[in-house]
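Colleague: Here's a structure for you.
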Amino acid sequence: MMEKQPAFHLAFLVNDLEDAADFYCRVLGARRGRDAPNWVDVDLHGHQLSLHKGEDLTPIQGYSEVDGHPVPMPHFGVVLDFATWEMLVERIYEHDWPFLLKPRERFVGQPAEQGTFFVQDPTGNTLEFKGLRELHRIFEV
């Protein structure tokens, strides 16, 4: 029997709980979990995101260049196998959600060759989704 990988937990602020929960569940395919008046948990590919109510947030603090592209900081996301990543790209297109950085491949021919794209939730929290052709090579140089 294969052991399940531990789940990552990330808690962060959103301006509107229901708008954020709708984005994570309807657009990204997460599953809604427990909630309270000031927070909502969602399961995003086996990881626990805790959306907490905030106000007047401006999440992007700066940019860092990666593979010749300015990447918003901070950001978080999930590393997926390439086929799952491609299905998520199509899901986002189907929901007509805008990409902050459109899907593309980078590090082609290198061990961690990957597809990547960036989206923002309704508050402006930035998410990057990576699709690796060979997941086991994620940390290779």
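Colleague: Look at L13 and say whether it is open to solvent by 70 Å² or more (accessible area, probe 1.4 Å), under 18 Å from Q120 (Cα atoms) and not in a helix (DSSP H, G or I).
Modeller: On the way: open to solvent by 70 Å² or more (accessible area, probe 1.4 Å): yes; under 18 Å from Q120 (Cα atoms): yes; not in a helix (DSSP H, G or I): yes.
Here the answer is yes, as L13 does meet what is asked.
Colleague: With touching a helix residue (DSSP H, G or I) at 6+ places or on another chain (Cβ under 8 Å) and either at pLDDT below 95 or under 26 Å from N15 (Cα atoms) (or both) as the only criterion, which of R137, R133 stands out?
Modeller: Values: R137 fails: touching a helix residue (DSSP H, G or I) at 6+ places or on another chain (Cβ under 8 Å).
Exactly one residue qualifies, and that residue is R133.
Colleague: Next up: Specify which of the listed residues (G77, G131) is more than 20 Å from P59 (Cα to Cα) and either polar (S, T, N, Q) or open to solvent by less than 60 Å² (accessible area, probe 1.4 Å) (or both).
Modeller: Being more than 20 Å from P59 (Cα to Cα) and either polar (S, T, N, Q) or open to solvent by less than 60 Å² (accessible area, probe 1.4 Å) (or both) holds for just one of G77, G131, which is G131.
The values are calculated or read from the model by the stated rules, or taken from the named source; none is laboratory data. Model, not experiment: these values are computed from the prediction. Using ideal geometry, Cβ is built from the backbone for each residue, glycine included, and neighbour counts are taken over all protein chains shown. For accessibility, only protein heavy atoms count, side chains too; no ligands or nucleic acids. Shrake-Rupley method; radii C 1.70, N 1.55, O 1.52, S 1.80 Å.
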